[in-house]
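Just so it is clear, none of the values below were taken in a lab; they were calculated from the coordinates. Just so it is clear, the structure is predicted and the values come from calculations on it, not from any experiment. Positions of Cβ are generated from backbone atoms using ideal geometry, with glycine treated the same way; all protein chains shown enter the neighbour counts.
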Amino acid sequence: MSDINVIETTDIVRSFPAAHAKIEVLRGVHLKVKRGQSVSITGESGAGKTTLMYILSMLEEADSGSVFWDGVKVNNGSRGEVAKRRAEFIGFVFQLYYLIPELDVLGNVLMPRRILGRIRKEDKERAEELLVRVGLKDRLRHSTGKLSGGEAQRVAIARALINEPRIIIADEPTGSIDERHGEEIMQILLDLCKKDNRSLLLVTHNQRFAAMTDKKLVLHYGKIVE
Amino acid sequence: MVLIIVQTVMNGFSHEITKAMKDLNGDIRIEGEAFIQDYPLLLDLIERQRFVKVASPYAYGMVMVQHGNIPTFPQVRGMDLSRERDVLAIDEFLIQGALANLDDESVFLSSGLANTLGASIDSTVDLYTPLMLYRMKENDVLLPRELTVAGIFETGWSRVDGNSMITSLRLMQELYGMGDSVHGISVMLKNGEDLNDAVQELNFQLPENLHAYPWTESDRDLLFILNLEKTVMFFIILFIILVASFSIASTLMASVVRKTREIGLLGAIGGQPWQCAACFCLQGLFIGFVGTFLGIGLGILAVSYRNAIVQWFAHLTHSEAAFQMYYEFSDIPAVYMTGDFVKVIIATLIISTLAGLLPALRAARMKPSEALRNE
């Protein structure tokens, strides 16, 4: 683990308009994730975990505060520029996998590469290697509809890693899987990140899985508590 | 498909009408304000022109014909049999009888006229001319001219087939009291000669009291209407395509809603807004592409079996007679023109791509975070 902050936020504030007043979800969030570090964020439902995750990845803008990726402030770039940078910087794993049903397993893993340009031979080789690493060697050409929840999440993990991002942001990656398969998924995520010195930001409700990370944070009343 | 069928059939009608006009009147018609007196000299002058294949004099007018108790008033054309066969394709149009049988005591009736009169080959018809009526006013005894039906012709153009007849030039001159004069001269050009240049050259050579007219001018209004009809039909059917494009747009809009999470994912993993938009625009283009070529294929198929389809429909609705009566041709003509196909392809592809534009814009403007929250 190095001292470089892969992601850093300072004083993030985010509120949403309600009927009579606005609801302040994040009230000055300071967060640092170091290179190779795994960090978990837990909190009650509606605490703003997913909102914080979207702000960290610049999928959503904060009302105030700054977001830094590798020490560079990113919340003043254009949507297009940020999207391109995000493709190479962050890999996402979502609770509901979000696989594209029209594509097979390999096609889904290659999707982030396709967005960045033409698929080369080495991209295919890397996708196949990743699928081998997540234990789906025999499922390359399978339709995503035929996969179990655990298998679908492993495809999503391979997809998150295809662009060799600096950080994986996983939002409840075990939320739709049973405990045993959830543990497998967590182990795969942690192993793959550790092996490649990649950071992991895990948003979860599960205290046991949160405990598996290097640093455990709690989002409480819109602020981060260690 | 509809656009292809309409355009092809309109072309066919236009082609048949213009062909019939040309076949019946020759390439160029020469007429004056009065009868043409010294037409053999004029024929000689015309036929000396390098672009002229043959020229033939004619006389025309209206007469009254009676067979049994049925009178009718057809248009009659008197023609020089020795020359006319090179100008008009009379042989092609004869369905009964032979050109050699036409003499100064016989006539050819159009199929419609023969039906109306109930006359057939070798029937005798009584013919009255305006000259006879004039003489009757001067207390002359009115005796009709008895003529034998030597042939029945059908051009396929009901305007001609309905009510017209052909006689020899000499008979027509006699009936109309024209002496040796004629009403005009039909000219057939050699293959490949330019019609307008030939008309210009002839007008330069002809005496001042005569004028050469191209066949396109004989029924200029009809040709104009045919072109106008085709253009108007194109635009009307373009509106049908426009309405169909709304269904493409609504299908794609539903697809944008159904694919909200995928759009969110695309944004999250680095997709640019234009890439999301392009997905839906391309989908519109694809639908348009498949639709266009499927439509063209079905259109060509329908045009190929048009007569069978119409006959089946007429039989189903018991309207065979009405079809024959109200439409100019017994068969539905069709002519494929590359230009029409290109116009149809371009128009439908543009419209269907534009139909994908609205859903594409919606997809492009969707925020990834909102799309991902949409579970």
- B:Glu92 versus A:Ala21: modelled label distance in nm, points set 7 Å from Cα along the beta carbon direction: 9.3
- Task: For n ≥ 4 DSSP H runs only, could you compute -39500 (n - 2.57) per run for chain A, divide by its residues and tell me the 222 nm figure to the nearest 500?
- Result: -10500 deg cm²/dmol
- Just report the Cα centroid separation between the stretch B:134-175 and the stretch B:178-240, whole Å. 26
- Farthest positive-ward along the stretch B:222-372 dipole, Cα basis, beta-carbon charges - from B:Phe286, B:Thr348, B:Leu226: B:Phe286
- Task: Using a 10 Å Cβ count of at most 16 others and DSSP loop calls, identify the longest part of chain B lacking such trypsin sites (Lys or Arg not before Pro).
- Result: B:191-375
- Cα-centred dipole magnitude for chain B, charges only on beta-carbon of K, R (+1) and D, E (-1), debye, nearest 20: 2860
- Dipole in debye (nearest 20) - the stretch B:223-360, about Cα centre, beta carbon charges: Lys, Arg +1; Asp, Glu -1: 580
- Message: Take the residue pairs A:Lys34/A:Lys195; A:Lys137/A:Lys194; A:Lys34/A:Lys215; A:Lys194/A:Lys215; B:Lys22/B:Lys53 and return only those whose Cα atoms are more than 20 Å apart.
- Response: A:Lys137/A:Lys194
- Message: For the stretch A:72-113, which GluC sites (Glu not before Pro) pass both filters: DSSP loop (anything but H, G, I, E, B) and at most 12 other C-beta atoms within 10 Å?
- Response: A:Glu102
- Item | Dipole moment magnitude, nearest 20 debye, the protein assembly as shown about Cα centre, only Lys, Arg, Asp, Glu C-beta charged | 5320
- Query: Say each of B:Gln37 and B:Trp274 gets a label point 7 Å from the Cα, pointing the same way as Cα to Cβ; how far apart are those two points in nm?
  - Reply: 8.1
- Item | Residues in the stretch A:50-94 that a label on A:Glu122 would reach, taking backbone N under 17 Å of a point 7 Å out along Cα→Cβ | A:88
- Query: If you take the beta carbon distance between A:Asp63 and B:Val342 as r and set R0 to 60 Å, what does 1/(1 + (r/R0)^6) give as a FRET efficiency, to the nearest 0.05?
  - Reply: 0.60
- Query: Please state the relative contact order of chain A as a whole percent: Cα pairs under 8 Å, 6+ residues apart?
  - Reply: 31
- May I ask for the angle, rounded to the nearest 10°, between helix B:220-258 and the longest principal axis of chain B, with both axes built from Cα atoms and the value confined to 0 to 90°? 20
- When only DSSP loop residues count, what GluC sites (Glu not before Pro) in the stretch B:131-173 have their Cβ near at most 13 other Cβ atoms within 10 Å? B:Glu138
- Note on the structure: The helix A:121-133 Cα axis meets the longest alpha-carbon principal axis of chain A at an angle in degrees, between 0 and 90 and rounded to 10, of 80
- Using alpha carbon centers only, the stretch A:107-141 is separated from the stretch B:64-78 by a whole-angstrom value of 88
- Item | Selection of trypsin sites (Lys or Arg not before Pro), the stretch A:106-202, meeting DSSP coil and at most 14 other Cβ within 10 Å | A:Arg118, A:Arg120, A:Arg141
- Counting only DSSP beta bridges fully inside the protein assembly as shown, the antiparallel percentage to nearest 5 is 70
